[in-house]
Amino acid sequence: MDEPTQWRGFDLSARRAKIERACNLALVTSAEDVPVIAGTPGYFAFASKAVPEDYFTNPASMVEYQARGYQAHLARVDDDFVPYFMPWFGTGVLASGFGCEISIAPGPGNDPAVAGPCVKSIADVARLRLPDAQRDGWMPRVLGAIDYAVACNDLPVGLTDMQGPLDTIGLMCGQAQLYQWMYREPAMVHELFDIVTTAFIEWVKVQKQHIGEPLDASNGLQGVWAPRGIGVWESDDDLVLVDARLYEEFVVPCVSRIFQAFGGGQAHFCGNGVHQIGNLLKIKGLRAVSNSPMGNVTAFNTLQRSLAGRTALWIQDSAPLDMEGYYASLFAQVEDFRGIIVQPFVLDTLGMDRAGGYTVVDWEPLEAANRLVKAVREIIRRRLAGEPTGSEGQAPAKQSVSAGKLAACGTEVAQSAFTPQQKAALDDVQDCLIDFDGEGLKAAIRAALKAGLAPFTIVTAGLAEGMAEVGQLYESGECFLPELVMAGHTMSEGMAVLQPLLTTGEAGQGKGTVVIGTVQGDLHDIGKNIVKTLLEAAGFIVHDIGIDQPPAAFVRVAVETHAHIVALSALLTTTMSNMGRVVNALAEAGLAGRVQVMVGGAPISREFADHIGAAGYAPDAVKAVREAERLMRLATA
Ligand code: B1M
């Protein structure tokens, strides 16, 4: 690759040399050695103000928009950014090649994403074929944009968004389904990982052919120019959701294959992945980790110390509101700055608060970027000089796992009320649930019935206690989403035996009809699906209306199903306000008071729920069941 030494009069070689030294883990002796790359509104539509309407349909529009932005950035921001054209078509391009539909919410500030799974059964897996990049899904759009940029613009061209095998398969199957298959159909899941990994590698090769770049280097990986030896990146966000054993078995070999095909690579994830550090270090060809600590300083410190001197670490948060305070606390314990690249995204409309959440900002991004670069360099300078960073005495940032423990849910039943035989039967019920042994659970429930226990007692003192134990393990970080999904699924199998035996009075306790969905503009559904699984497992009738749902859809299904509760999920700060619109629409339809609204999702808080007039709120799926039960008690009081 013949790399230009300058672009539109801006020097690129000094910037590249600095990034290369960091990626090669060169010693850091001055703050100037640490690359700081402040991605001002680069390629996302999310939280951007001025993305043109035809951004995703007209390659010229996308290329010109980015080129204008980078030129303004280079003229005003004193950082280490190396510009390149990012053919950005959202996070679902590879999944779309396998048949997933892509959806894009109307209006500015929205990026394309997968609208729903395309692999719904084991038979669908057998039918999967390697995508043809010239024909399938959104791949031709990416190639069209690359071809246009290569032919008609002077920007170097990089790779599109590269969701890795775990994320892509999660999008193709739906994470809840994938996690069950990991336990129940491991051979088939291995096949899936194999075909998606092959497709991933082929897809990168095709892009590189069109770009004209070597396999083992790149003009751009997620905002960063990459030197020889780092030819690819993969987004591995879902690693925070799964436990280390599943990740090692299914994912590590595939990412190793990918990185080895391109000389080495960068793995990206948002959030706390401390439990996967051992696995990350087992990935062959891992040259860099890109992580958004999202406010979790404790997890960042563990990650940083474990990677120091072994791989580069690109720190990729959304720009924090309190730039000085955030980076002071993030770097307060860093002893070794080798390999660190500070690479925040400075969005037009949103910044990160101290807890890692997002809030609306009113800053001029280029000015904010300069402030950020200055703050980061000053803090690193102080650390290297052994001076205080200024974070001393600040409240500790978010801890890695919630310290709160769940009280056992369900009706308290005095253990002494049971005979030894009944006690043993209930223990069996709990053990089978915790072992995800559906058949064993059904047998244990039958044994418990034979021992004279009432069906409702088996639910509360057996299943619910077992579920509470899994919930505690989840909350303390000892088990992860796949285990929560499996426990919920196993509980549903047990409930199928008990359901017909529950008398109306018993069944009425804590049960009801729920309409659940993700609000308009939001395509995240992993959390919503877990909440649904656990509500069903607890005996609620749940109507799932899916993702990106307008207020009218919630109202219509609530009326049709005589729902007691409408449950709303949102993961984006930009879509939270759509929850309030559902509350208003229900009131306009005359359902206020008759239907309780419950809200949840990472950016949602009790205060926000109160603010929009939602009666219920839960921070996680385990507590969502208890909150739904509380709302039912309110409704029947
Ligand atoms: Co997105 N994403 N994402 N993403 N994504 C986040 C949420 C983000 C925090 C990442 C980041 O910036 N660091 C950020 C949101 C920032 C903000 O606005 N606050 C973000 C962004 C910006 C985006 C895009 C805009 C990126 C882009 O394309 N520019 C884009 C938006 C697409 C769209 O929605 N229109 C996007 C896309 C995606 C993927 C498609 C790639 C994928 C979603 C796949 C899917 O859902 N099928 C994805 C993922 C996976 C994430 C992260 C990595 C994980 C989210 C998740 O599923 N967590 C996330 C970063 C992170 O958190 N590490 C990120 C696990 C899940 C179990 O937790 O959903 O919180 P959660 O659910 C919990 C509780 O919140 C609660 O219970 C659940 C279980 O305990 N809960 C409820 C949830 N709903 C509830 C309802 C209730 C009660 C409790 O009552 C009704």
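The values are calculated or read from the model by the stated rules, or taken from the named source; none is laboratory data. Computed from a predicted structure; not experimentally measured. Cβ placement follows ideal geometry from the backbone for every residue including glycine, while neighbour counts extend to all protein chains displayed. Keep in mind that these areas ignore ligands, DNA and RNA; they rest on the heavy atoms of the full protein, side chains included. Shrake-Rupley method; radii C 1.70, N 1.55, O 1.52, S 1.80 Å.
Report the residue count in the range 207-221 for those that are crowded, with 18+ Cβ neighbours inside 10 Å and out of contact with any Lys or Arg (no Cβ under 7 Å at 6 or more places or on another chain).
Step one: list which residues in the range 207-221 are crowded, with 18+ Cβ neighbours inside 10 Å, which gives 207-208, 210-211, 213, 216-221.
Right, trim to out of contact with any Lys or Arg (no Cβ under 7 Å at 6 or more places or on another chain) and you get 207-208, 210-211, 213, 218-221.
The qualifying residues number 9.
For Ile258, the stated conditions do not hold, so it cannot be described as among the aliphatic types (A, V, I, L, M) and open to solvent by 10 Å² or more (accessible area, probe 1.4 Å).
Among the residues of the range 87-98, are any within 16 Å of the ligand (Cβ to nearest atom), more than 25 Å from the chain's Cα centre (by Cα) and surrounded by fewer than 23 Cβ atoms within 10 Å (Cβ to Cβ)? Can you show your working first?
First pass over the range 87-98, keeping only residues within 16 Å of the ligand (Cβ to nearest atom): 87-98.
Keeping just the survivors that are more than 25 Å from the chain's Cα centre (by Cα) gives none.
Looking for residues that are within 16 Å of the ligand (Cβ to nearest atom), more than 25 Å from the chain's Cα centre (by Cα) and surrounded by fewer than 23 Cβ atoms within 10 Å (Cβ to Cβ), one finds none in the range 87-98, hence no.
Just a yes or no: is a residue in the range 453-469 of a type outside the set (D, E, K, R), at positive phi and in a loop (DSSP other than H, G, I, E, B)? The answer is no, given that none of the residues of the range 453-469 is of a type outside the set (D, E, K, R), at positive phi and in a loop (DSSP other than H, G, I, E, B).
Being crowded, with 16+ Cβ neighbours inside 10 Å and of a type outside the set (Asp, Glu): is that true of Thr636 here? For Thr636, the condition - crowded, with 16+ Cβ neighbours inside 10 Å and of a type outside the set (Asp, Glu) - is not met.
State the number of residues belonging to the range 619-637 that are touching a residue at least 40 places away in the same chain (Cβ under 8 Å) and within 11 Å of the ligand (Cβ to nearest atom). Steps first, please.
At the first step, the residues of the range 619-637 found to be touching a residue at least 40 places away in the same chain (Cβ under 8 Å) are 620-626, 628-629, 631-633, 635-636.
Filter once more, keeping what is within 11 Å of the ligand (Cβ to nearest atom): 620-626, 628, 631.
Adding up the residues that qualify gives 9.
The number of residues in the range 562-602 being in contact with a Pro (Cβ under 8 Å, 6 or more places away or on another chain), without any contact (Cβ under 8 Å) to a residue 60 or more places away in the chain and polar (S, T, N, Q) comes to 2.
Within the range 518-529, residues that are near the ligand (Cβ under 6 Å from one of its atoms) and of a type in the set (D, E, K, R) sit with their Cβ atoms under 8 Å from residues that are outside any loop (DSSP other than H, G, I, E, B) and open to solvent by 20 Å² or more (accessible area, probe 1.4 Å), at 6+ positions apart or across chains, in these pairs: Asp522/Asn578; Lys528/Asp544.
Within 15 Å of the ligand (Cβ to nearest atom), buried (at least 19 other Cβ atoms within 10 Å of the Cβ) and either of a type in the set (A, V, I, L, M, F, W, C) or part of a helix (DSSP H, G or I) (or both): is that true of Leu280 in this structure? Steps first, please.
On the way: within 15 Å of the ligand (Cβ to nearest atom): no; buried (at least 19 other Cβ atoms within 10 Å of the Cβ): yes; either of a type in the set (A, V, I, L, M, F, W, C) or part of a helix (DSSP H, G or I) (or both): yes.
No; evaluated as a whole, the condition is false for this residue.
Taking the residues in the range 155-171 that are within 8 Å of the ligand (Cβ to nearest atom) and farther than 29 Å from Glu64 by Cα as candidates, determine which candidate is most open to solvent (accessible area, probe 1.4 Å). Across the range 155-171, the extreme among qualifying residues is Leu171.
Scanning the range 103-125 for residues that are touching a Cys at 6+ places or on another chain (Cβ under 7 Å) and farther than 16 Å from Ile547 by Cβ yields a single hit, Val119.
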